[in-house]
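Here is the structure we will look at.
The values are calculated or read from the model by the stated rules, or taken from the named source; none is laboratory data. Since the structure is predicted, the reported quantities are computational estimates derived from the model, not experimental observations. Glycine also receives a Cβ, built like all others from the backbone with ideal geometry; neighbour counts cover every protein chain displayed.
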Amino acid sequence: MPEKRFFNRFRTLASVYSPLDGMNEKEALELLDVARMDGKEGKQMERREIDRHEHQLHTDSFIASECVNTGRQFEVDCVKFFAIFFMICIHVYEQLGNYDYHTMMPEGFFRNAMEFLGGPMAAPVFMFTMGIGMVYTRHNSPGAFIKRGWKLLFMGFALNFFRETFLEILGNVLLGMDYSFEYIADGFLNIDILQFSGMTFLVVGFLKKAGIGTKRMLMIGVLIQAIGMWATHLTFSSVIPGNLLGLLLPTGEKVAFPFSLWCLYPLLGMIFAEYLQRVCDKDRFYRIILISGVVVALAFTSCFCWIGYDIRYIYALADNSYYHQTFIGVLWIAAFVLIALGISHFLLGKMEQTKAGTFICFCSRNLNVIYIIQWLIIAWTVAFVTAMNIEVKLRAVEIILVGLLISSLSIGMISLWKRMRRRDTFCR
């Protein structure tokens, strides 16, 4: 009875493996019944199905052949939530802190913790998760990406105007300040993370339009970063061309996030998301991710210590060291991003359906608006204390407390605005 033996074996396999390819047991058995009607051909198909499922068991049995893990990923929202607070604290540290971060390498626990959490655990996390979002979004056509890119560029330069240009013009007119045109233009053309995000959507949109897949994009990204690393030696005597080129290359004094030096983070995030979408067993997946991240981070750190390389150069703000990303630095930081995702999944995953989880998702969804509001609060505060000749030099605890205050104000303002809009819509 070889046919019966094959049939029973396939029934068992169908019940065990069916979640891997989106086929339930009933569908699998129906497929077999159709195949069996064709006699010898049906047996061959049955044999192929058994071989395929056995192959999956011994290779990547927790990775499906199709997308099975869709929708918002709570662990991604969690890492973005903490990155928001780290980002706001590092901005307070830079603008209102009593620390010479421009020229002095971080010493002591607070400065190292602040520049590490506010550096690798902030902007790279946003970029990596942006790459995840680019895969998960329903608006994933090349045209939608290109449109989104132009919108983010506009938002970035509009923010520059209201946090720098407008205040400098106001200072010249009302307070007799002497900000030159070049200085004002330098502030307006500041290349920050919104501009980087816009460039990422534009470049990925055009590459998608050309039919280039994610893995080939990553290869192109490695070449682009090599060009960016070479371009760190370029200087421009004029601010305007230097900063405009800074959208791509690190050629201006106020160019924080040129596309060439930071593009690998969203591209790695896209690769990560393409696997995450097909994960059937997230616990097993993140166990592998967490262990891999720890091994890579320890391996690189050990090598750096062995060759005598000061690891602080990867995250320190002094001399723009952190902003001049290298390929090795990207891999080291990416390992910590993976560790953060794994920890978030295992420690915070059960919070998703709670009020705290709802709050985390709210903050994650409104990341761009929080970013804009916190910068306006900080910039206008700096302008006010400067105009009043008030000296503000915050210490460690004060920086954290002010960071919490600005975070609360930013989130509270968004919540209030959304509530008012809902009330206005209801009244209509």
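Brief remarks follow.
- When each of Ser364, Ser344 is tested for being farther than 22 Å from Arg163 by Cα, among the polar types (S, T, N, Q) and touching a Cys at 6+ places or on another chain (Cβ under 7 Å), the lone residue that passes is Ser344.
- Being of a type in the set (Lys, Arg) and modelled with pLDDT under 95 is not true of Lys208.
- Criterion: assigned by TED's automatic domain parsing to the domain that holds Phe236, out of contact with any Phe, Trp or Tyr (no Cβ under 6 Å at 6 or more places or on another chain) and surrounded by 22 or more Cβ atoms within 10 Å (Cβ to Cβ) - qualifying residue of Leu174, Leu194: Leu194
- Residue count, segment 101-140 (criterion: part of a helix (DSSP H, G or I) and farther than 13 Å from Tyr315 by Cα): 15
One line per residue, one yes/no per condition, for (1) touching a Pro at 6+ places or on another chain (Cβ under 9 Å); (2) charged (D, E, K, R); (3) modelled with pLDDT of 95 or more:
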site: Phe128; (1), (2), (3): yes, no, yes
site: Gly131; (1), (2), (3): yes, no, yes
site: Lys151; (1), (2), (3): no, yes, yes
site: Phe154; (1), (2), (3): no, no, yes
site: Gly176; (1), (2), (3): no, no, no
site: Phe181; (1), (2), (3): no, no, no
site: Ile184; (1), (2), (3): no, no, no
site: Leu189; (1), (2), (3): no, no, no
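- Residues that are assigned to a helix (DSSP H, G or I), among the charged types (D, E, K, R) and more than 31 Å from the chain's Cα centre (by Cα), drawn from segment 172-199: Glu182
- Qualifying residues in segment 252-277 (those that are surrounded by fewer than 22 Cβ atoms within 10 Å (Cβ to Cβ) and more than 20 Å from the chain's Cα centre (by Cα)) - the one modelled with the lowest pLDDT: Glu253
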